[in-house]
Each structure stands twice: as C-alpha cells, then as structure tokens.
Amino acid sequence: MSRMTPKEMASRIGNGLLSFPVTPFRPDNTFDEIRYRSNLDWLCSYEVAGLFAAGGTGEFFSLSPAEVAKVVATAVSQTKGRVPVLAGIGHGTTMATQLAIAVEGAGADGVLLLPPYLVFSEQEGLAAHIEAVCNATTLGVIVYNRDNAIVNEDTLERLCQRCPNLVGYKDGIGDIELMTRIHLRMGDRLTYIGGLPTAETFALPYLEMGVTTYSSAVFNFVPQFATKFYAAVRRRDRETVQAGLRDFILPLIAIRNRKRGYAVSMIKAGMKVIGRDSGHVRSPLTDLTPAETEELAALVARLETCEFAKRELAAA
C-alpha cells in the first residue's frame, strides 16, 4: 500500500473530523494491544478523517520511544488504510527527530510535532527545532502551536518556504489575532486544525477563520455525538451547535476543570462508562473519582433524549 504524500494527507484530514485514540493500559501498566485494536476498529466504523496515534489524549508524554513506535505500528496495521494515521512526536530536538524516523518506519502517514520538553525559547530556536524534524522525515508535519512552542506568522512563513513537508498548523492557544495573521499570511499553503481543549467549544467561530477541522477527544467514547456535532458545525447550524454545547460539552468541561490533567483522565473514564474500559491513566495523571465517573455516565446517558439529539433527528 502506497503512503500518502504530505499534501494528500493534509487535504484528507482538513475535510473531516479528527481524533486521538486513548492508549489502553493493562493493570501492570503495559500497553494493551488487544484493546487498542478493538477500539480502533470501532472508531473506524464512524466518519473520521484521521486518527492521531500516541498523541496528547493517547498519553504520548508517558510513553517510551519504543512504546510510541509500537502504538503507531499497531494503529497502522489495524486501520489498514481506512483512515490516515498520524503520530505524536516531541520532546527535545534529538528525540523528536529520532521519533519522526521511527514512526515513519512504523508506517505513519504524518506527524504532529508536540511542544519540546519544558524549556521556552526564541523564534529562531523554535524554527531550528521544527526544521530539524521536517528534514528528518518525508512525512507531512503538523506543528502544534501551544504552551512553550508558539511560532508567529513570520517564523511559520519562513519554515514553509524551507520545508515543503510542513503542511499543517494546529492552534492550541486561542489567540484570535495570531490565528488571523497566520491564516491571512499562509492561506491554503497549510491545513488548519483546532486544538484547544475542548475543541468543540471553539469549532464554529474557528470555522469562520478557515479552520475546517479539529481534534475531538470525546470521539473516543461518544463518536456518534462527535460526528453529528461536527456535521452541524460544517453546515453552520448555530442552534444545533449551541444545543450540543449546553447539553454535553459544557457540563463535560465542568468535570474536566475540577483537577489538573482531567482533560485526558475524563476520556479514559468515558471509555469505561461505555464498556470499553481502557485502563487507568499513567502517572503523573490521576483518574476520575467513582462519583465523577458516575456523573459522566449520567451525562452520556442523557445524550439520547437531549435537545441536541432532537435537533439532529429533525435535520436528518
């Protein structure tokens, strides 16, 4: 099976919903490959434009380099070309380039470059880091602008000139002015991805700025809701989008905001709620309490009868 070119990959993921499958762990803290394969088969039965293996929701930060390669190879072999598989890579420049080489060897269709470990740096340092990764692989590279890795439009333009395989920009900071400057400068040279937690909250206004896709963590455990919400966003159905925010997303955010790290822990809890228990989160994250998991279960159960569901049924 031939691999997509960077431009083909970017075009494909820009026209649909994206998600980051959780990485299942057994009680002994090892990767649960059987559960992961089952989860991927289930997710691929829904309309999804790309899956990011070993990404943020997949607990990239807790995986060893060997585990990253194993998770990505498993995703590639199980999806069998049904959807593009992109790999999370990151840490310092040396490790990020080594990971880029490893996941290309594992069959990935592209990479998402997560922020480097801990340090803050100037634009020229970030540019050198990103360019080194682009030069290390033939895969399409998406840069994730967030936290300690925020490139401006000048830096991004220079990188795009030097790195033809830099094909995507994911925004995780919510700086509307910067997003506007970047989109006006780069136009269709890049595919733009919404990456704020929780992305559904910002999907409609970001669409107006040219951000045609976003990564949905909730797709892991409520894929039907996630795909219908995305469809409502793309048709600019404001009332249905607002109903989805009121009925599910904002109450979910209320749980997420209770403790640090719950953006990932909540998704693992959601998998348990729907009968696809994918184990615990690795430290330093902590799992939801039993009471919080019950609260999440009640929220999921209400999805079938909420206003959002009624509006979607009427629109079908």
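No value in this document is a laboratory result; all are computed from the given coordinates. These figures come from a predicted structure and were not determined experimentally. Ideal geometry is used to build each Cβ from the backbone, glycine not excepted, and the neighbour counts take in all protein chains shown.
Fully extending the segment from Ser283 to Leu184 would add 31.6 nm, taking 0.36 nm per residue of separation and subtracting the current Cα-Cα distance.
Among Asp154, Asp277, Asp287, the residue with the largest mean-square fluctuation in a Gaussian network model of the chain, with springs joining Cα atoms closer than 10 Å, is Asp154. Structure remark: mean-square fluctuation, Gaussian network model of the chain, C-alpha springs under 10 Å; the largest value among Arg276, Arg258, Arg234 belongs to Arg258.
Comparing Ser215, Ser19, Ser11 in a Gaussian network model of the chain, where Cα atoms under 10 Å apart are tied by springs, the biggest mean-square fluctuation is seen for Ser11. Near Gly50, the amide H atoms lying under 5 Å from its own belong to Ser19; only residues 5 or more places off or on other chains count, and H is placed 1.01 Å from N.
All other residues whose Cβ lies under 13 angstrom from that of Ala231 are scored, Lys and Arg at +1 and Asp and Glu at -1, for a net of +1.
Shown here for the stretch 164-269: GluC sites (Glu not before Pro) in loop regions (DSSP other than H, G, I, E, B) with at most 14 other Cβ atoms within 10 Å, namely Glu208. Between the amide H of Leu166 and those of Val141, distances stay under 5 Å, these residues lying 5 or more places away or on another chain, with hydrogens modeled in the peptide plane. Compared with the alpha-carbon gap, the fully stretched path from Arg234 to Ser64 is longer by 57.5 nm at 0.36 nm per residue.
Listed as lacking a disulfide-compatible partner in the chain: Cys44, Cys160, Cys306, by the criterion of no other cysteine Cβ under 4.7 Å.
Checking the table Lys70/Lys228; Lys259/Lys310; Lys80/Lys228; Lys80/Lys310; Lys7/Lys268; Lys80/Lys268 against a 29 Å threshold on Cα-Cα, which pairs fail? The answer is Lys70/Lys228; Lys259/Lys310; Lys80/Lys310; Lys7/Lys268. 3J(HN,Hα) couplings calculated from phi for the stretch 215-223 with the Karplus curve 6.51 cos²θ - 1.76 cosθ + 1.60 (θ = phi - 60°) are, in sequence order, 9, 9, 5, 5, 4, 4, 10, 9, x Hz; Gly and Pro show x.
Other residues within the sphere of radius under 15 Å centred on the Cβ of Tyr46, judged by their own Cβ, net out at 0 (K and R +1, D and E -1).
Where in the stretch 59-92 does the label zone of Ser121 land, with the point 7 angstrom along Cα→C-beta and an amide N cut-off under 17 Å? Output list for this probe position: 89-92. For the stretch 29-35, 3J(HN,Hα) computed residue by residue from phi via the Karplus equation (6.51, -1.76, 1.60; θ = phi - 60°) reads 6, 8, 5, 9, 5, 5, 5 Hz, glycine and proline entered as x.
Taken along the Cα-to-beta-carbon direction at a fixed 7 Å, the label points for Asn29 and Glu177 span 4.5 nm.
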